[in-house]
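Participant: The structure that follows is given in the form of structure tokens.
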Amino acid sequence: MTVDCSSAAGWWSQAKQCYVSSLQDPPDFSSPMWGGHTDGALYYCTPFTNGVSFPGTNGYTFWSAAPPAGPAAVDPAVLAQDALRSVVLPSPTAGRYPAGTLADGRPYTVVNAHTWYWTNPGGYRATSARADAGGVWAEVTATPTALTFSPGDGAAAVSCAGPGTPWQPSAGVWSPSPTGCDYRYPGSSLGEPDGKVTAVYGIQWSITWTSSTGATGTLPQITTSSTAEFAVVEAQTVVTR
């Protein structure tokens with residue numbers, strides 16, 4: 001059950017399991033309510049009934065040397081991490097050209113060709129989520145910043161801003177990607193296991209958050225990934241079916 005941190009009855013005391021408020025117009029120290037104390041203060045404890053009236057739930061008065069502790073302050077940075085756990089970030093789709101099929105069934109690309117790579121733009125967009133607790137909220141936003149392509153031939157990953165562009169016949173067979181999302185394999189994959197490379201696609205996500213307290217911040221970058229296996233062949237040896 002969720003209990004508000006404060007209400008018209010006062011502030012919530014987890015230790016006493018009730019809403020606490022200072023007693024208005026307390027009696028003098030001769031009253032039994034003070035229990036012989038001449039310091040501290042008198043407070044009233046109102047049980048939480050969720051709006052339902054039960055016998056014996058009218059509350060009671062008690063003495064305390066110091067005000068009973070209220071709920072711990074909610075850290076919006078912690079809430080932001082909670083919100084991030086509810087965000088589902090998509091992995092990239094492994095779009096590629098050249099993307100034919102060899103006679104033995106292996107997909108392929110071509111040595112020295114501009115191998116285009118891209119992902120579905122529908123998954124390459126910012127997404128947000130919010131978490132609330134104790135009257136405080138934090139909203140986290142994951143924003144894609146780059147599409148990466150690790151070619152699988154030992155070379156470093158390349159990247160481009162944006163989801164890339166799917167190849168169209170009007171672009172020509174040997175042209176580079178207009179968005180810079182391409183890689184040129186310098187040699188074939190004959191020496192690789194099964195004669196194929198395993199390329200890794202990645203979407204890099206920048207994570208920022210804001211909150212109802214005015215606090216803001218960033219969280220560590222996240223990368224979602226997917227893989228694709230294909231042969232890299234010399235153009236003159238390409239056999240399609």
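The values are calculated or read from the model by the stated rules, or taken from the named source; none is laboratory data. The model shown is predicted, which means the values in this text are computed figures rather than measured ones. Please note: Cβ atoms are built from the backbone with ideal geometry, for glycine as well, and neighbour counts cover all protein chains shown. In case anyone asks, the SASA skips ligands and DNA or RNA and just uses the protein heavy atoms, side chains included. Shrake-Rupley method; radii C 1.70, N 1.55, O 1.52, S 1.80 Å.
Participant: Can you work out which of the residues in the range 16-46 that are of a type in the set (G, A, S) and more than 15 Å from A65 (Cα to Cα) is surrounded by the most Cβ atoms within 10 Å (Cβ to Cβ)?
Facilitator: Result: S31.
Participant: Scan the range 3-15 residue by residue and report those that are touching a residue at least 40 places away in the same chain (Cβ under 8 Å), assigned to a strand (DSSP E or B) and open to solvent by 30 Å² or more (accessible area, probe 1.4 Å).
Facilitator: Hits for the range 3-15 are S6, W11.
Participant: Quick one: count up the residues across the range 44-74 that are over 42 Å from the mean Cα position of the chain (by Cα), farther than 15 Å from S6 by Cα and modelled with pLDDT of 85 or more.
Facilitator: Result for the range 44-74: 7.
Participant: Does A146 satisfy the condition of being open to solvent by less than 60 Å² (accessible area, probe 1.4 Å) and in a loop (DSSP other than H, G, I, E, B)?
Facilitator: Considered against the rule, which asks whether it is open to solvent by less than 60 Å² (accessible area, probe 1.4 Å) and in a loop (DSSP other than H, G, I, E, B), A146 comes out as no.
Participant: Could you tell me how many of the residues in the range 87-130 are of a type outside the set (K, R) and assigned to a strand (DSSP E or B)?
Facilitator: Going through the range 87-130 one residue at a time, the tally reaches 16.
Participant: What strands (runs of 3 or more DSSP E) completely inside the range 158-241 contain at least 2 residues that are under 25 Å from the mean Cα position of the chain (by Cα) and touching a residue at least 60 places away in the same chain (Cβ under 8 Å)?
Facilitator: Per the criteria, 197-211, 216-233.
Participant: Further, regarding this structure: Hey, among R130, R96, which residue is under 30 Å from W11 (Cβ atoms) and touching a residue at least 24 places away in the same chain (Cβ under 8 Å)?
Facilitator: Going through R130, R96 in turn, just one is under 30 Å from W11 (Cβ atoms) and touching a residue at least 24 places away in the same chain (Cβ under 8 Å): R130.
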